[in-house]
Amino acid sequence: MHTTEGREVTEEVNKIIISGFIQNDMISIKTSVTSVLSVVKSLFKIANRMIMGRYRPPARKGSPYITAEGMAALETELDYLWNKRRPLVVKALSTAAAEGDRSENAEYIYRKKELGEIDRRVRFLSKRVDEVKVVTEIPKKTDQIFFGAWIELEDDEGELIQYRIVGPDEFDSNRGFISMDSPVALALMKKREGDEVTIQTPGGVINYTISRVQYQAFDELKKLK
């Protein structure tokens, strides 16, 4: 082991040997028990530091809002995974299991992993569809940016880019759908047509003017290239 914790374990073992864990080819029971308990205690401390060093607080859940289209997509995926895909994988797993030694059965290992992934996704979707709130109402101020808005931005060179602000479960960069929790969406929220906004992009900071805000899809979605 090349880690600090690994070196500490090695040092503890060396201490046992040096302190007389084995003396004159005779095993001292008292020394052995004391030394072993000391090592176990030290290992618990080291393991605790390793665990806490890797600890990360639970990720914050995304905002519990979704469009009607987004909810339909989640429900469709859940239905497909549970009623169609999972039964097929279970059947394939059973067939593979009947072939013999599972430890060297590639098909069995693959299907077992796939089934685990499906079950995790099903559990997530089952909880998520109960948690999220479907937003269907259009705000009174339709020239102002809120959840569900389609926005067209124009940069200083006249290039246009279009976004739609949706729930975190609906993020889709290919369609220009951005999560309401994203930095871009947060910068746009409550702005109006004609307002200027500064957005951080992979290419740097760009200043935009909000040219259009509406609550129905644009005819063509223009993407920033």
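The values are calculated or read from the model by the stated rules, or taken from the named source; none is laboratory data. Treat the numbers as computed from the prediction; the structure is a model and nothing was measured. Every residue, glycine among them, receives a Cβ derived from its backbone with ideal geometry; neighbour counts consider all protein chains shown.
When the residues of segment 184-199 are filtered to those that are charged (D, E, K, R) and crowded, with 16+ Cβ neighbours inside 10 Å, the one that is farthest from the chain's Cα centre (by Cα) is GLU193.
The condition of being in contact with a helix residue (DSSP H, G or I) (Cβ under 9 Å, 6 or more places away or on another chain) and closer than 26 Å to GLU75 by Cα holds for only one of ARG102, ARG120, ARG128, that being ARG128.
Of the residues making up segment 89-109, those that are hydroxyl-bearing (Ser, Thr, Tyr) and either modelled with pLDDT under 90 or surrounded by 14 or more Cβ atoms within 10 Å (Cβ to Cβ) (or both) are SER103, TYR108. Checked against (1) free of Cβ contacts under 8 Å to residues at least 60 places away in the same chain; (2) surrounded by 14 or more Cβ atoms within 10 Å (Cβ to Cβ); (3) outside any helix (DSSP H, G or I), VAL129 meets all criteria but (3).
Scanning segment 180-215 for residues that are in a loop (DSSP other than H, G, I, E, B) and either under 15 Å from TRP150 (Cβ atoms) or among the basic types (Lys, Arg) (or both) yields MET180, MET189, LYS190, LYS191, GLU193, TYR215.
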